[in-house]
Amino acid sequence: MVHSGVVSLQGVTKSFGSLTAVDDIDLTIDGGSYCCLLGPSGCGKTTILRMIAGHETPTSGEIQISGVSVLGQTPVQRGTAMMFQSYALFPHLTVLDNVAFRLKMQGMAKRERRAKAHETLEKVQLNHLAERMPAQLSGGQQQRVALARAVITNPQVLLLDEPLSALDEFLRLQMRGELRRMQRELGITFIHVTHTQLEAIAVADLVVVMDDGHIVQASAPEDVYARPTSAYVARFMGGQNVLRGVVQSVVGPTVTLRSDQGQIFEVDSAQISAAAGDIVHLSIRRDHTELEKSDAVPTQPNHVVGKVIAIEYQGTYVKVTLDAPDNREFVSHVPDDKYLAQRVDVGDQVVVSWRAADVHILADDHRKSESGPDLELAS
Amino acid sequence: MHKHQKRPWTFYVLATLFTLFVIFLYGPMISIFILSFQGPTGGLVFPLTDPGFHWFGALFGQARTGDVGGAFGRTLPLALAVMVATVVISVAAGLAFRRRFFGSSVLFYTALASLIMPGLVLSIGILVAFQFLGLPTRWYSSAFGAHLSWTLPFGLLIMFAVLSRLDPAYEEAAYDLGATRWQTLTQVVVPIVLPGIIAVSLFGFTLSYDEFPRSWLTTGPQNTLPIEIYTMTTTVTSPALYALGTVTTIISFLAIGLALGSIGYIQHRRRNKKSF
């Protein structure tokens, strides 16, 4: 018996003419969980959502909901409901009639469907606006009406296409909390498409990071953020510095790497089974670094030196950006009290160092030395 | 900007031009309106003597003013039928043209071509074609088609503009909420584009109601109102002609007022419906 609301995609491909928007994707989303599809625009995340919703048909592959194939079914038969990016509230109907629309299509009597719509509007605290027209509501209120309209018949799966993108910053934070609360209350599967990293990790149980029609990582938010498996995910999620080196030696518990610029990095061998000559990508969290103003080049490994090119005060920490020698920016987050004790200025020469234990290996980008020429991944 | 700045001389030139334009536009209409209240002994020109409703009465009496009542009784149903046909065809075509299909742009330009064709030429063409086919020309057949060739391009252009601005998400939302295609059309698409449909109706009605060139050779033995009025200018020499002009203009204004009023009401309702 498959748990109700489980969404599973098997080998799903969608092509538009010669363009492949979604390329052979396998994904299982647990019933009653909150899943975020995350990626830059054009990565295929909305196409996946629309295929689950029944607004697009896969070119090939299988989509199941609660263990049943839903290909060829209407959204109502699938038990899905979609919340559109523009909300698509019908401008000629009152809030109440918008929410009751699905019941009207089912042929429910007017009195009965209006009572049910009032009940649903109560859940989003908008019952007092039931007789308003959509154009009279604020963005946040329209979004809650769209939510109420989508959930009125208790769908198994709610699909949300960039639900917060039309709202201002303050409302966005408020509404994402409300979406999460609603999801827990209803206990149904939410699939939420977004291009905002912090939004995804704030609400989701499962974050699916996509790039160019492929899933690059699907895991819990803390894993996607702190333990990315590839340089792409590390850079896309932010909060990480990505470095690259060639394995020089493996001695006891220490793997020694050398970057193209001659910097030496040491990594704990427990994380990686590498041999000399392998190309390894690694990431270091911005907040797991030590910044020091110094003109001297230290002799110990695990550091970069460079000139400060930008300083941004962020409240609890200060974001210091340096031009690392490989022309990629390297960012260090310095706690505010520490920064105030030892200020740096733009143009200062600094050394940023880290502990070997804080280095994370980007396993998907590990290239064995015999695997031929290194493929530089797109950033 | 200085508050008491002197107006440039161009202001006075343009103001004069505009005043002349307004006089030219409304002067004749107002003169005819006033002269239609001419007394029974008055003539076709000013002064107005013993004003009253005499000539309005004469319009519908059995005087020698021509068959105004009969012509109106043909023009009104014709204009209404043209209006309905224009709306139905324009909306259907507008929906079809939202998706590009093979030959869609050729079809589009073909439909617009009749805008460029002189109305009298088209009238002759239809007459010739009907005679060739051995069909009699009638106001409800040949004139109906001739009027559609004039109203449809306008209707199509309006509906294309309106429907291209319609967010496809509305139809997807309706499908998502379990609406059938017919329910989506009648309960979502048509109500949302209703102001556009009213605009198309207005064009369909008024363009047919006062159409002369395309009616000229196509109405057959029984005239429509514009043809009847034209005929009267050559035979009738009484202010009844002015009374007729006033009555038909009032009907046109009523149609426009009704259309604009209902569009305004719909938009007002969508913005400002009172809450409890």
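Structural remarks
- One residue alone among A:Cys35, A:Cys43 is within 16 Å of A:Ile215 (Cα to Cα) and assigned to a strand (DSSP E or B), and that residue is A:Cys35.
- Against the criterion of being away from chain A (no Cβ under 14 Å) and open to solvent by 10 Å² or more (accessible area, probe 1.4 Å), B:Thr219 does not qualify.
- Listing of helices (runs of 4 or more DSSP H) fully contained in segment B:149-211 that carry 2 or more residues being more than 21 Å from A:Val151 (Cα to Cα) and open to solvent by 30 Å² or more (accessible area, probe 1.4 Å): B:181-184, B:194-209
- The single condition among (1) closer than 20 Å to A:Thr80 by Cβ; (2) open to solvent by less than 20 Å² (accessible area, probe 1.4 Å) that A:Gly187 does not satisfy is (2).
- B:Ile263 vs. criteria surrounded by 17 or more Cβ atoms within 10 Å (Cβ to Cβ), in a helix (DSSP H, G or I) and within 14 Å of chain A (Cβ to nearest Cβ): yes
- Of the candidates A:Ser15, A:Ser33, A:Ser41, the single residue that is closer than 22 Å to B:Glu172 by Cα, among the hydroxyl-bearing types (Ser, Thr, Tyr) and within 20 Å of the chain's Cα centre (by Cα) is A:Ser41.
- Residue list for segment A:26-60, restricted to those being among the hydrophobic types (A, V, I, L, M, F, W, C) and within 15 Å of A:Val203 (Cβ to Cβ): A:Ile29, A:Cys35, A:Cys36, A:Leu37, A:Leu38
- Among the residues making up segment A:273-297, those that are closer than 23 Å to A:Val250 by Cβ and touching a residue at least 40 places away in the same chain (Cβ under 8 Å) are A:Ala274, A:Ala275, A:Ala276, A:Gly277, A:Asp278, A:Ile279, A:Val280, A:His281, A:Leu282, A:Ser283, A:Ile284.
- Any pair with Cβ under 8 angstrom, 6 or more apart, that starts in segment B:166-177 at a residue that is facing another protein chain (nearest Cβ under 7 Å) and ends at one that is buried (at least 20 other Cβ atoms within 10 Å of the Cβ) and hydroxyl-bearing (Ser, Thr, Tyr): B:Asp176/A:Thr80
- Residue in segment A:111-132 that is closer than 17 Å to A:Lys45 by Cα and polar (S, T, N, Q) present: no
- The requirement of being under 20 Å from B:Thr184 (Cα atoms) and either within 11 Å of chain B (Cβ to nearest Cβ) or assigned to a helix (DSSP H, G or I) (or both) is satisfied by A:Ala146.
- Criterion applied to A:Ile279, A:Ile311, A:Ile264 was being within 26 Å of A:Asp223 (Cβ to Cβ) and among the β-branched types (Val, Ile, Thr), and the one residue passing it is A:Ile279.
- Selected residue (criterion: surrounded by the fewest Cβ atoms within 10 Å (Cβ to Cβ)) from residues of segment A:15-56 that are at positive phi and within 14 Å of chain B (Cβ to nearest Cβ): A:Gly17
- Condition check for B:Arg181: more than 18 Å from A:Gly54 (Cα to Cα) and basic (Lys, Arg): no
- In summary, helices (runs of 4 or more DSSP H) completely within segment A:73-127 and bearing 2 or more residues that are under 11 Å from A:Val145 (Cβ atoms) occur at A:95-99, A:110-123.
- Within the span defined as segment A:76-96, one or more residues are open to solvent by 50 Å² or more (accessible area, probe 1.4 Å), more than 8 Å from chain B (Cβ to nearest Cβ) and not hydroxyl-bearing (Ser, Thr, Tyr).
The values are calculated or read from the model by the stated rules, or taken from the named source; none is laboratory data. Model, not experiment: these values are computed from the prediction. Cβ atoms come from the backbone with ideal geometry, glycine included; neighbour counts cover every protein chain shown. SASA here: full protein model, heavy atoms, side chains in, ligands and nucleic acids out. Shrake-Rupley method; radii C 1.70, N 1.55, O 1.52, S 1.80 Å.
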